[in-house]
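Below you'll find the structure, written out as structure tokens, and then a few comments.
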Amino acid sequence: MSGRNFDHRKKWLVLRIKQLASIFAIDVCAYAVMSNHYHLVLHVDRQKAKQWSDEDVIKNWTSLFPANGKLIETLYLNRNSKTARKQLDRKLFEWRERLIDLSWFMRCLNETIARQANREDECTGRFWEGRFKSQALLDEKALVTCMAYVDLNPVRAGISDTLENSDFTSIQERLIQHAKRAKNRNYRQHRLLTRRTANHLIGRQSAGKRAELQPLSQLGGLAEHSLPIDYQSYVELLETTCKIIGLKKAERKKVLPSLDDKESPLKALGITAQAWIRGATKFHRFNGNAAGGVDSLIAFQQHRIRAGVKLKYPDKWIRGIRPAQKLSDI
């Protein structure tokens with residue numbers, strides 16, 4: 001152990017994530033930055049990218065890669081040329097597609113942090129251990145459960161015992177946003193707004209555009225209507241889950257019925273208390289490249305086959321079916 005504190009690098013990650021979300025057609029639903037890894041829940045907004053004008057695409061892309069601005073200037077100067085117009089159209093199509101591409105988002109995030117860290121350490125070479133891993137969230141159950149799993153990372157790791165103390169997480173940011181808007185703040189909100197480790201979210205923000213977290217009311221991209229859960233019910237659900245996680249297995253059984261209350265958002269989502277705790281604590285063990293209900297996984301498998309993805313046993317085995325049945329154990 002070096003004995004050095006690298007929390008400032010966690011701030012780099014949070015601020016870079018929010019900066020990239022303001023450039024890409026990608027919304028941030030949840031995040032958690034830990035000491036040696038981080039988690040992100042993202043939503044790709046293809047409709048937003050389609051509505052961008054050509055000027056919007058150029059502005060967003062060249063804010064990431066300024067050198068490409070010279071290419072655009074040259075193409076515009078020669079726009080009377082058929083070849084130049086074709087190349088301009090091709091570049092605009094390519095950049096628009098990249099601005100909804102998770103791989104490009106992660107590349108712009110990881111490369112920037114790696115360069116900053118290497119510069120600070122006065123070294124070169126690989127910073128991240130490997131390429132990022134991703135999985136598709138196919139329905140509401142998977143989305144909310146995964147968000148809770150991400151937000152509760154510090155609690156599960158024993159680093160924090162409350163949501164307010166869960167530094168560098170989206171749930172702490174949501175609590176800060178709510179505290180800022182509150183007219184009559186309580187003691188917990190006052191303490192939160194003076195927390196030093198959250199100063200990158202409090203007070204004046206640094207120069208540059210930063211995207212806000214996607215509001216819970218606007219997380220309905222997976223369904224026809226908005227999610228049957230709002231800010232208050234989500235926070236209360238996570239607080240109850242925090243308490244349950246801290247209990248021993250024998251004691252958990254006594255508290256679980258509180259999650260099955262008629263007014264609980266879990267009822268609206270169709271998730272039992274047992275399945276919720278299982279998902280919020282062991283989501284990574286139950287899911288492969290996609291997470292969702294049985295019907296969602298079957299539809300996802302069929303979509304991949306139609307898209308030409310080569311699968312070893314396309315008609316016999318769908319990865320994640322059994323875990324999906326456990327997580328949807330109603």
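The values are calculated or read from the model by the stated rules, or taken from the named source; none is laboratory data. No experiment lies behind these values; they were computed from the predicted model shown. We place every Cβ from the backbone using ideal geometry, glycine too, and count neighbours over all the protein chains shown.
Any residue at all in region 165-178 that is crowded, with 20+ Cβ neighbours inside 10 Å and at positive phi?
For region 165-178, residues crowded, with 20+ Cβ neighbours inside 10 Å and at positive phi: present.
Can you pull out every residue in region 99-131 that is of a type in the set (Phe, Trp, Tyr) and closer than 22 Å to residue 211 by Cα?
104, 105
Within the group 99, 75, 88, which residue is touching a residue at least 12 places away in the same chain (Cβ under 8 Å) and within 30 Å of residue 137 (Cα to Cα)?
Values: 75 fails: within 30 Å of residue 137 (Cα to Cα); 88 fails: within 30 Å of residue 137 (Cα to Cα).
Step by step, each of 99, 75, 88 is checked, and only 99 is touching a residue at least 12 places away in the same chain (Cβ under 8 Å) and within 30 Å of residue 137 (Cα to Cα).
Report the residue count in region 131-154 for those that are more than 12 Å from the chain's Cα centre (by Cα) and under 16 Å from residue 276 (Cβ atoms).
Count: 6.
Quick check on region 14-28: of everything there that is in contact with a helix residue (DSSP H, G or I) (Cβ under 6 Å, 6 or more places away or on another chain) and of a type in the set (A, V, I, L, M, F, W, C), which residue is surrounded by the fewest Cβ atoms within 10 Å (Cβ to Cβ)? Before you say what the answer is, go through the steps one by one.
Within region 14-28, the first condition is being in contact with a helix residue (DSSP H, G or I) (Cβ under 6 Å, 6 or more places away or on another chain), and the residues that meet it are 16, 20, 23-26, 28.
Restricting the remaining residues to those that are of a type in the set (A, V, I, L, M, F, W, C) gives 20, 23-26, 28.
Working: 20: 22, 23: 17, 24: 25, 25: 23, 26: 24, 28: 21.
Applying the filter and picking the extreme gives 23.
Got at least one residue in region 31-51 being at pLDDT 95 or above, in the same structural domain as residue 175 (by TED's automatic domain parsing) and in contact with a Pro (Cβ under 9 Å, 6 or more places away or on another chain)?
Yes, there is a match, as at least one residue in region 31-51 is at pLDDT 95 or above, in the same structural domain as residue 175 (by TED's automatic domain parsing) and in contact with a Pro (Cβ under 9 Å, 6 or more places away or on another chain).
Assuming residue 141 fulfils every condition listed in (1) at pLDDT 90 or above; (2) within 26 Å of residue 285 (Cβ to Cβ) apart from one, which condition is it?
(1)
Have a look at 210, 191 and point out the one that is modelled with pLDDT of 80 or more, part of a helix (DSSP H, G or I) and among the charged types (D, E, K, R).
Working: 210 fails: part of a helix (DSSP H, G or I).
Matching residue, one of 210, 191: 191.
Could you say which residue among 268, 299 is over 24 Å from residue 153 (Cα atoms), assigned by TED's automatic domain parsing to the domain that holds residue 145 and at pLDDT 80 or above?
Only one candidate passes the filter, namely 268.
Tell me whether region 57-72 contains one or more residues that are of a type in the set (S, T, N, Q) and either assigned to a strand (DSSP E or B) or touching a residue at least 40 places away in the same chain (Cβ under 8 Å) (or both).
yes
Might you check whether a residue that is at pLDDT below 85, over 26 Å from residue 158 (Cβ atoms) and not hydroxyl-bearing (Ser, Thr, Tyr) occurs anywhere in region 228-238?
Among the residues of region 228-238, at least one is at pLDDT below 85, over 26 Å from residue 158 (Cβ atoms) and not hydroxyl-bearing (Ser, Thr, Tyr), which makes the answer yes.
I need the full set of residues from region 150-191 which are touching a Phe, Trp or Tyr at 6+ places or on another chain (Cβ under 8 Å) and over 17 Å from residue 40 (Cα atoms), in order please.
Of everything in region 150-191, just one residue is touching a Phe, Trp or Tyr at 6+ places or on another chain (Cβ under 8 Å) and over 17 Å from residue 40 (Cα atoms), namely 178.
Every residue in region 151-176 that is in a helix (DSSP H, G or I) and either in contact with a Cys (Cβ under 9 Å, 6 or more places away or on another chain) or over 19 Å from residue 14 (Cα atoms) (or both), please. Steps first, answer last, please.
In the first step, residues of region 151-176 are kept if they are in a helix (DSSP H, G or I); the result is 151, 153-156, 170-176.
Of everything in region 151-176, those that are in a helix (DSSP H, G or I) and either in contact with a Cys (Cβ under 9 Å, 6 or more places away or on another chain) or over 19 Å from residue 14 (Cα atoms) (or both) turn out to be 155, 156, 170.
Please pick out the residue among 107, 119, 98 that is modelled with pLDDT of 90 or more and more than 30 Å from residue 4 (Cα to Cα). Full working, then the answer.
Values: 107 fails: more than 30 Å from residue 4 (Cα to Cα); 119 fails: more than 30 Å from residue 4 (Cα to Cα).
One residue alone meets the criteria, 98.
Do we have residue 209 as of a type in the set (Lys, Arg), under 27 Å from residue 60 (Cβ atoms) and either buried (at least 18 other Cβ atoms within 10 Å of the Cβ) or in the same structural domain as residue 245 (by TED's automatic domain parsing) (or both) here? Before the answer, list the steps.
Details: of a type in the set (Lys, Arg): yes; under 27 Å from residue 60 (Cβ atoms): yes; either buried (at least 18 other Cβ atoms within 10 Å of the Cβ) or in the same structural domain as residue 245 (by TED's automatic domain parsing) (or both): yes.
In short, yes.
Scan region 254-283 for residues that are assigned to a helix (DSSP H, G or I) and surrounded by fewer than 13 Cβ atoms within 10 Å (Cβ to Cβ) and jot them down.
254, 257, 258
Scanning region 97-150 for residues that are polar (S, T, N, Q) and in contact with a helix residue (DSSP H, G or I) (Cβ under 9 Å, 6 or more places away or on another chain), which turns out farthest from residue 49 (Cα to Cα)?
Looking at the filtered set, the residue picked out is 124.
How many residues are part of a helix (DSSP H, G or I) and of a type in the set (Asp, Glu) if we restrict to region 83-131? I'd like the intermediate steps shown before the answer.
Residues of region 83-131 part of a helix (DSSP H, G or I): 83-98, 102-121.
Remaining after also requiring of a type in the set (Asp, Glu): 89, 94, 97, 111, 120-121.
Final tally of qualifying residues: 6.
Can you give me the number of residues within region 71-119 that are aliphatic (A, V, I, L, M), within 23 Å of residue 21 (Cβ to Cβ) and over 22 Å from the mean Cα position of the chain (by Cα)? Before the answer, list the steps.
Of region 71-119, the ones aliphatic (A, V, I, L, M) are 71-72, 75, 77, 84, 88, 92, 99-100, 102, 106, 109, 113-114, 117.
Remaining after also requiring within 23 Å of residue 21 (Cβ to Cβ): 92, 99-100, 102, 106, 109, 113-114, 117.
Subsequent filtering for residues that are over 22 Å from the mean Cα position of the chain (by Cα) retains 92, 117.
Counting residues in region 71-119 that are aliphatic (A, V, I, L, M), within 23 Å of residue 21 (Cβ to Cβ) and over 22 Å from the mean Cα position of the chain (by Cα) gives 2.
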